[in-house]
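The values are calculated or read from the model by the stated rules, or taken from the named source; none is laboratory data. A quick note: this is a predicted structure, and the numbers were derived from the prediction, not measured. FYI the Cβ positions are ideal-geometry reconstructions off the backbone, even for glycines, and counts take in every protein chain you see.
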Amino acid sequence: MEDMSQYPLELNGDDVPMVRFMNVSKRYGDLTVLDALNLDIQQSEMVTVIGPSGSGKTTVLRMLMTLEKINEGVIYVDGKPLTHMEKNGVLVPASDSYIRSVKGDIGMCFQHFNLFPHMTALQNCIEAPIHVLKMNKKEAIERAEDMLEMVGLADKKDQHPIRLSGGQQQRVAIARALCMRPKVMLLDEVTSALDPEVIGEVTNVIKKLVAEHNLTMLMVTHQMGFARDISDRVCFFFDGKIEEQGTPTALFDNPQRERTQQFLSAVKSAD
Amino acid sequence: MGSKKSLSLKPLKRIAMGPIVSIYEGIQSAIKSLLAALLSGVEVSGRVDNYLEFLAKFGDRLVDGAFITLEQALLAIIVAVIMATIFGVGRVSTSLLIRSISTTYIEFFRGTSLIVQLFWIFYVLPFFGVVLDPYPAGFIAVGLNLGAYGAEVVRGAIQAVPRGQYEAAYALNMSARLRMRRIIFPQAVVIMLPAWGNLLIELLKGTALVGLISVTDLMFQSRQIYSLSYAAIETFGTILIIYYLIARLLITPSMRALETRLSRNLKRS
């Protein structure tokens, strides 16, 4: 059994990160997907995770969204534990209702958009604000229309997902997540399923988000150019660990580790 | 066996659904009048010499029976859909208790025969103080039976909704109940409709058994007609066609229309 007393009940002080992974491990049977991960993401920071497939990068996002249970360690969001809760002075695995009370700060967009097909773009955006945040309908619609405007789809608000292109669907998905006013936004390979010619419309929206909103973002992507353009920090994952991290310039132009160099040159030659 | 309370739907039907009932009865008598008009020249003697005479003599009974069969089927569908929804959703519950109750219901009603269930509900339940008239006992038995099959259809459809839908709803911080009610179930309905089309036809045919507890449905009427006329081919040939027509002209098109309507925004036209 893990000694839980090593983990603080909450994070205090001036420099509390927006997200902290502390000693987080994830295993499927004998396979270790993530091995004692320590990663802090600061308020308003844009962190990109890159790495070969199977390196555990998507798992990082899914653990933070609590779509995956972790085997060891604690994840903190805005100073509060997310995966655990306090009981008699120590941290114990969190109940579903506790997790819900904390993960409201986190929004996520997926590779395959996952819009609700039986609802229009606008209905997709107002569903959770009305039923989860208990906003009144008028307010929720105003917010949703603002967000759809922001992603450039105000005129498509009454369309069902099936009548939208992949790029448009992903932009609606971004608007839908933003309608919940998250503090942390997770982007899981949001351009990977898109046709090349529409990738730009999605990356432009994300650039706009970074520039105009005070969001903390964690993004997994295969688009190195995009990662270099907008990230504050890039983490290279290899074999369940952060092999190397740094500013985009440092990591892309002057990688220190051999595996990073190999990965980057392999990606470059594929382009 | 002490005091029995007998459940009859007749009064309820009259009060709550007055206008619908009168339209319904209007249709029924219109069909009878039409039949009478078509057969107005046919002499009915003592015995039945040809099919027109057969119809002139027994047509009214067949129409009555067909309508009782329709009512039984419709009410059984309501019971089946309610049961299937409750226990189909229950089968995927996170609570072991709810899952076990659902599995028990499904296994019991799928694993034993409809006719035995019908007799239990009508003849055995009175020993436990539950006395039902033949009419409600009939459609409740058929509904419970088909509801068990339906519950498995509902479960299958819920599980066929892509996992990404669950994840997206979860990421929007929806509660389990809200996810099911607003996101998963509405999509499952579209998936389960074709299978329901099958089940409803099965259900219609299942109602043929309610005659055995003296509900005056089509099967019951036909057996009476046969014992009066010995016209086996005419009697059973006619009801065969009536059953087929109900399935072909009412159930199948309604299900098609429902499918088209519900998947309207899900498929590119």
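Points to keep in mind about this one:
Residue-by-condition table, conditions (1) within 14 Å of another protein chain (Cβ to nearest Cβ); (2) buried (at least 19 other Cβ atoms within 10 Å of the Cβ); (3) of a type outside the set (S, T, N, Q):
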residue	(1), (2), (3)
B:GLN159	no, no, no
B:TYR170	yes, yes, yes
B:ARG181	yes, no, yes
B:PHE185	yes, no, yes
B:LEU200	no, yes, yes
B:ASP217	no, yes, yes
B:GLY237	no, no, yes
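- Of the residues making up segment B:93-104, one or more are surrounded by 15 or more Cβ atoms within 10 Å (Cβ to Cβ) and at pLDDT below 95.
- Hits in segment B:111-133 (condition: closer than 17 Å to B:GLU202 by Cα and in contact with a helix residue (DSSP H, G or I) (Cβ under 6 Å, 6 or more places away or on another chain)): B:LEU114, B:ILE115, B:GLN117, B:LEU118
- The listed residues are A:MET135, A:MET185, and the only one of them that is surrounded by 21 or more Cβ atoms within 10 Å (Cβ to Cβ) and either basic (Lys, Arg) or outside any helix (DSSP H, G or I) (or both) turns out to be A:MET185.
- In the set (1) more than 27 Å from B:VAL189 (Cα to Cα); (2) away from chain B (no Cβ under 11 Å); (3) within 17 Å of the chain's Cα centre (by Cα), A:ASP146 fails one condition alone, (3).
- Of the residues examined, A:ALA128 is not one that is within 12 Å of chain B (Cβ to nearest Cβ), among the small types (Gly, Ala, Ser) and either over 22 Å from B:TYR170 (Cα atoms) or in contact with a strand residue (DSSP E or B) (Cβ under 8 Å, 6 or more places away or on another chain) (or both).
- Each residue in segment B:187-196 was checked for being within 8 Å of another protein chain (Cβ to nearest Cβ) and hydrophobic (A, V, I, L, M, F, W, C), and 1 pass.
- The residue list B:VAL89, B:VAL116 contains one member that is without any contact (Cβ under 8 Å) to a residue 24 or more places away in the chain, surrounded by fewer than 23 Cβ atoms within 10 Å (Cβ to Cβ) and among the hydrophobic types (A, V, I, L, M, F, W, C), which is B:VAL116.
- Counting only strands (runs of 3 or more DSSP E) that fall entirely inside segment A:9-87 and contain at least 2 residues that are touching a residue at least 40 places away in the same chain (Cβ under 8 Å), more than 14 Å from chain B (Cβ to nearest Cβ) and of a type in the set (A, V, I, L, M), the qualifying elements are A:19-28, A:31-41, A:46-50, A:72-77.
- Among the residues making up segment A:110-125, those that are of a type in the set (A, V, I, L, M, F, W, C) and more than 9 Å from every other protein chain (Cβ to nearest Cβ) are A:ALA121, A:LEU122, A:CYS125.
- Filtered residue count, segment A:211-228, keeping only those that are closer than 26 Å to A:ASP105 by Cβ and surrounded by fewer than 18 Cβ atoms within 10 Å (Cβ to Cβ): 4
- Odd one out for B:ILE213 among (1) in contact (Cβ under 8 Å) with a residue 40 or more places away in the chain; (2) surrounded by fewer than 20 Cβ atoms within 10 Å (Cβ to Cβ): (2)
- Yes/no for A:ASP232 being of a type in the set (D, E, K, R) and either over 22 Å from A:GLN43 (Cα atoms) or surrounded by fewer than 23 Cβ atoms within 10 Å (Cβ to Cβ) (or both): yes
- All of (1) surrounded by fewer than 23 Cβ atoms within 10 Å (Cβ to Cβ); (2) outside any helix (DSSP H, G or I); (3) at the interface with chain B (Cβ under 8 Å from one of its Cβ atoms); (4) not hydroxyl-bearing (Ser, Thr, Tyr) hold for A:GLY107 with one exception: (1).
Rundown of residues vs (1) in a loop (DSSP other than H, G, I, E, B); (2) buried (at least 16 other Cβ atoms within 10 Å of the Cβ); (3) at pLDDT below 85, yes/no style:
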residue: B:ALA30; (1), (2), (3): no, no, no
residue: B:SER40; (1), (2), (3): yes, no, yes
residue: B:LEU62; (1), (2), (3): no, yes, no
residue: B:ALA66; (1), (2), (3): no, yes, no
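- Residue count for segment A:156-172, restricted to those that are within 14 Å of chain B (Cβ to nearest Cβ), farther than 11 Å from A:GLN123 by Cα and of a type in the set (D, E, K, R): 2.
- Of residues in segment A:88-104 being within 9 Å of chain B (Cβ to nearest Cβ) and in contact (Cβ under 8 Å) with a residue 24 or more places away in the chain, the one nearest to A:LEU67 (Cα to Cα): A:LYS103
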